[in-house]
1. Within segment B:247-254, identify whether any single residue is under 27 Å from B:ARG128 (Cα atoms), more than 15 Å from the ligand (Cβ to nearest atom) and more than 14 Å from chain A (Cβ to nearest Cβ), and answer yes or no.
2. Looking only at segment A:256-263, decide whether some residue is of a type in the set (Ser, Thr, Tyr), outside the structural domain of A:ARG282 (by TED's automatic domain parsing) and surrounded by fewer than 23 Cβ atoms within 10 Å (Cβ to Cβ).
3. Please specify each residue of segment A:311-328 satisfying the condition of being under 19 Å from A:GLY57 (Cα atoms) and out of contact with any helix residue (DSSP H, G or I) (no Cβ under 7 Å at 6 or more places or on another chain).
4. Just name the residue that is farthest from the other protein chains (Cβ to nearest Cβ) out of those in segment A:241-263 that are of a type in the set (Ser, Thr, Tyr) and outside any loop (DSSP other than H, G, I, E, B).
5. Which residues, taken from segment B:270-308, are more than 14 Å from chain A (Cβ to nearest Cβ) and either open to solvent by less than 10 Å² (accessible area, probe 1.4 Å) or without any contact (Cβ under 8 Å) to a residue 40 or more places away in the chain (or both)?
6. Take B:GLY263 and tell me if it is modelled with pLDDT of 95 or more, over 30 Å from A:VAL238 (Cα atoms), away from the ligand (no atom under 12 Å from the Cβ) and within 14 Å of chain A (Cβ to nearest Cβ).
7. Just name the residue that is modelled with the lowest pLDDT out of those in segment B:335-360 that are open to solvent by 10 Å² or more (accessible area, probe 1.4 Å) and under 15 Å from B:PRO151 (Cα atoms).
Amino acid sequence: MPDRITKKDYDIVVIGGGPAGLAAALKAREKGLETLVVETRDRLGGIPLQCIHPGFGIHYFKEDMTGPEFVYRFIDKLLSTDIDYTVKSYVNIAKYVSPMEKKLEIITPYGTEIVRTKTIIYAAGARERTRYEIGITGPNPAGIMTAGEAQTLMDMYGVMPGKRILIVGSGDVGLIMARRFVLEGAEVVGVVEILPYPSGLIRNVQQCLKDYGIPLLLSHMVISVKKRNGRVSSAVVVKVGENFKPIQGTETEIECDTIVIAAGLKPRTKLLESLGAQIDPRTKGPVVNEYFETTIPGVFVAGNALIINDYVDYAVEQGELAALAATKYVDEKGIRIKKPVKIILGRNMRLIVPQILTLTSDALFYGRVARPEDNVWLSFKEIGFKIPQLKVLPSIMIRQKIRLDKLKSIGTNALTVEVMPRD
Amino acid sequence: MYRVVVVGAGITGLSIARWLTRYKGIEIIVIDKEPDVGWGVTKANTSIIHPCHEENPDKHPLRSKLCLEGHNLWYKWVKELEIPAKWPGEIIVATIDEELKGLHKYIDYAYRIGVPGVRLIDREEILRLEPWVNPDAIGGLYAPTAGTINPMMAAIAIAENIVDNGGKLLLGTKVEDIVIRDGKVVAIETSKGRIEADIVVNAAGLYADRISRMAGIDDYSIHPRRGQYLLFSDRVDVKPSKILHTAPTPKTKGVYAITTVDGNLLIGPTAEDLPEEAREENTTTHQGLDFTYKMASRILRELPPRSKIIKTFAGLRPEPSTGTFIIRFHEKPWGFVEAAGIRSPGLTAAPAIGKHVSKLIIERLENIEPRKDWRSKRQAIPRPAYMAPRERDKLIRENPDYGWIICVCRKVSLGEIMEAVKRMKKIGVPEITLDGIKFRTHSMYGDCQGSQCRPHIAYLLWKRLGLQPWRITIKGDGSKYAFTEVKALLRGDRDA
Ligand SMILES: Cc1cc2nc3c(=O)[nH]c(=O)nc-3n(C[C@H](O)[C@H](O)[C@H](O)COP(=O)(O)OP(=O)(O)OC[C@H]3O[C@@H](n4cnc5c(N)ncnc54)[C@H](O)[C@@H]3O)c2cc1C
């Protein structure tokens with residue numbers, strides 16, 4: 001477990017030491033690949049380190065754990081192998097030299113390391129949307145931060161970011177943070193959600209809000225803020241109509257000293273973009289095939305850098321699959337694409353990965369619908385494959401595996417994924 | 001020894017002070033109410049070093065002269081002080097005949113002021129010079145000398161250079177009154193006590209009229225004219241290489257689209273006249289931002305989607321009731337000097353205003369001689385991510401903090417952050433602020449606006465300097481980053 005870069009050549013370099021990256025590295029090493037993990041923070045673990053609530057590992061370990069407990073299972077295992085890893089290290093430049101050679105310039109506290117690798121798994125996670133990205137205007141005082149920033153302060157560093165808190169966004173992150181604040185003695189004055197329904201799990205709405213009497217304002221949005229002495233003093237909240245446009249005359253002010261933005265995540269793609277990988281405007285992550293390989297041969301993606309996942313278990317699953325794909329890539333000197341099939345988003349589908357199929361392997365799809373619907377088919381049109389669904393929700397990721405023999409029956413070069421009413 | 005007190009550590013006051021440090025026999029003190037330099041008008045503007053062909057030499061003779069002179073001085077200053085700058089030239093893009101006609105007068109102005117290379121260009125040449133221009137353009141005006149700098153980096157660099165040359169900064173100190181005896185200024189009263197002075201220079205930006213009133217001068221007033229901006233990610237495709245703007249109006253130079261020295265597309269500003277008392281209303285509005293976005297679409301072929309906006313902000317122009325720069329040395333009270341109403345193109349003109357004002361002062365003092373040991377140079381904080389590996393590794397060997405990138409959006413190392421702290425202390429900031437670190441290093445300045453690195457930076461400052469996150473502020477005053485330690489609320493601590 002050398003905690004630095006010991007070689008000049010690797011089969012695989014995993015960028016990002018969170019759950020997806022750790023799982024990928026372990027799987028790759030298990031398959032015999034020379035593996036390096038690069039992490040910018042001062043320790044391995046990624047986002048789960050700051051998530052001290054339960055809900056981790058239910059699918060993967062069949063156990064309910066906190067974030068740190070979950071991720072330390074992987075870290076401990078990694079430390080017992082000979083996988084190289086390096087923390088406080090940043091991949092500054094990545095260059096595609098040839099199908100079997102990528103060159104990385106890595107900045108570390110022990111100097112610049114130039115490393116050659118056959119494959120890359122990019123598992124750098126996601127970042128949160130900020131107040132500017134959700135159009136909150138007004139002054140720019142202290143006291144406005146993302147949920148992750150608040151969580152890092154509170155649960156990694158023991159610092160209370162505020163006392164009277166308003167949360168923007170009712171996804172699971174927003175709901176769980178609301179409860180965390182209350183448990184630490186703060187007052188949560190409300191959770192504001194632009195949609196007419198909460199976007200997190202019903203279970204979390206009950207256990208995080210209702211049980212603590214925290215108000216949930218549906219069909220509302222924060223449009224601007226006010227300040228007093230350099231700090232937020234209130235949020236200007238307005239009711240929205242259809243099309244999510246503010247309704248004139250419904251502005252109210254909610255007093256608070258802190259506004260926590262839990263308005264979703266965006267995959268980190270900076271390095272992939274510098275390599276020239278195609279980005280999907282829907283997922284905001286890269287376009288990939290069923291190996292989670294980007295449009296740059298030998299560069300794979302997993303976890304929230306690929307698609308924003310509901311569960312850490314999916315990120316781990318993607319990491320392992322990407323590692324298996326990288327193994328295949330190393331063994332077979334590339335992944336041959338026969339006749340690529342494009343995935344088309346059909347009725348009520350908002351996004352999906354993979355976006356391309358090579359028709360050489362089973363495919364695991366992850367997607368999201370555009371709006372809630374009951375009693376529908378999830379249909380893969382051109383291969384005549386459909387699965388009944390009692391309920392689909394934008395907040396619940398669809399995960400569907402389709403076997404190669406089924407996929408191969410396609411006669412066209414496009415496969416439409418759609419949500420269709422049942423009868 | 002004379003003591004000169006400059007009120008206002010914006011680009012104007014700092015430029016004046018820098019010129020004065022070249023002389024023996026003068027003690028310089030720059031005072032600002034904010035806990036750092038440049039936090040007034042200097043912080044939020046379009047950042048352009050204008051060619052100056054848009055100044056009317058009949059109406060504003062001094063302003064047009066200082067504009068051009070300042071422009072020319074900046075070439076030297078950005079080198080001496082290692083200020084990020086570039087000189088891409090600018091195009092006024094006309095989309096209707098009327099606008100096109102209005103452009104002729106600038107050629108005349110350019111000729112009379114002495115701005116080189118200004119000429120009308122046709123549609124074809126516009127599109128050749130700048131492929132990002134809206135193809136609906138019918139013609140335009142090209143001014144090849146236009147540049148852009150990072151104004152905050154400029155203010156910081158000048159402040160460091162002043163201190164290097166023995167000048168003093170008194171930050172977080174508010175000027176409350178000016179003491180006059182026998183028709184002469186003798187001292188100022190500040191929130192931190194009285195300071196004797198032989199000369200008081202008023203470079204107080206938006207508050208200049210209030211400072212003048214303290215010296216008994218009330219022949220002008222200042223009102224804020226707001227400008228709102230949209231800043232896009234450095235990863236959008238739309239990156240005009242030239243500075244583009246719509247045809248000027250009597251109120252403003254039009255809406256600009258510019259790729260900043262930091263690589264971001266910046267569009268703006270609006271021009272909204274606010275009441276005199278609204279001098280802290282540097283706030284954005286939906287209306288203003290929508291307008292800016294719409295205007296920018298007139299000059300650009302394509303605009304990035306609004307989801308690529310990483311920050312919106314507003315600045316306030318200090319508009320003088322006289323309509324032009326107010327620069328004078330008063331005989332009554334003697335020793336009171338003004339550099340007031342420094343609205344646009346104040347950033348461009350600053351080095352020349354500094355020279356001009358320092359001359360007004362020097363010629364009235366006795367036994368003042370240039371210094372031989374004056375230091376013209378200041379070094380920027382090294383940026384390892386942008387260095388060649390060999391150079392970088394030398395830096396990292398000396399200090400491994402330069403090898404740990406903390407802010408991934410802007411590739412800023414811990415070494416840079418700690419160096420910024422050191423330099424803030426050196427110029428005498430009353431407290432280390434997160435914004436101070438941001439402006440010096442550009443950490444917390446990228447796509448995520450600090451949401452990823454800020455808590456870690458705060459934690460590292462805590463560990464290294466003992467600065468608890470609930471004491472550190474974002475921008476001084478009451479802007480505490482956090483409230484207390486976890487559990488203090490549960491314990492019911494009184495100061496929590
Ligand atoms: C929207 C906008 C766009 C612009 N675009 C450009 C451009 O592209 N190019 C260009 O050349 N110019 C531009 N300008 C103009 C330029 O920004 C200003 O002319 C310049 O920054 C003014 O600097 P200053 O030092 O005079 O004022 P400031 O930067 O405001 O400095 C004054 C300082 O005085 C301090 N102060 C005030 N009262 C007191 C007190 N009582 N005690 C102690 N300290 C006090 C303040 O805190 C402040 O720091 C623009 C301005 C705006 C607002």
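The values are calculated or read from the model by the stated rules, or taken from the named source; none is laboratory data. These numbers come from a predicted model, not from an experiment. Here the Cβ positions follow ideal geometry from the backbone for every residue, glycine too, while neighbour counts run over all protein chains shown. Protein only, heavy atoms only, side chains kept; ligands, DNA and RNA dropped before computing areas. Shrake-Rupley method; radii C 1.70, N 1.55, O 1.52, S 1.80 Å.
1. Yes; the residues of segment B:247-254 include at least one that is under 27 Å from B:ARG128 (Cα atoms), more than 15 Å from the ligand (Cβ to nearest atom) and more than 14 Å from chain A (Cβ to nearest Cβ).
2. So far as segment A:256-263 goes, no, none of its residues is of a type in the set (Ser, Thr, Tyr), outside the structural domain of A:ARG282 (by TED's automatic domain parsing) and surrounded by fewer than 23 Cβ atoms within 10 Å (Cβ to Cβ).
3. A:TYR311, A:ASP313, A:TYR314, A:GLU317, A:LEU321 - these are the residues of segment A:311-328 that are under 19 Å from A:GLY57 (Cα atoms) and out of contact with any helix residue (DSSP H, G or I) (no Cβ under 7 Å at 6 or more places or on another chain).
4. Among those residues, the one meeting the criterion is A:THR252.
5. B:GLU277, B:LYS294, B:ALA296, B:ILE299, B:LEU300
6. Values: modelled with pLDDT of 95 or more: yes; over 30 Å from A:VAL238 (Cα atoms): yes; away from the ligand (no atom under 12 Å from the Cβ): yes; within 14 Å of chain A (Cβ to nearest Cβ): yes.
Answer is yes for this residue.
7. If we take residues in segment B:335-360 being open to solvent by 10 Å² or more (accessible area, probe 1.4 Å) and under 15 Å from B:PRO151 (Cα atoms), then B:SER344 is modelled with the lowest pLDDT.
The rows are residues; the columns are (1) under 24 Å from the mean Cα position of the chain (by Cα); (2) closer than 26 Å to B:PRO269 by Cα; (3) away from the ligand (no atom under 11 Å from the Cβ); (4) within 14 Å of chain A (Cβ to nearest Cβ).
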| site | (1), (2), (3), (4) |
| --- | --- |
| B:MET1 | no, no, yes, no |
| B:VAL5 | yes, no, no, no |
| B:LYS65 | yes, yes, yes, no |
| B:HIS71 | yes, yes, no, no |
| B:LYS76 | yes, no, yes, no |
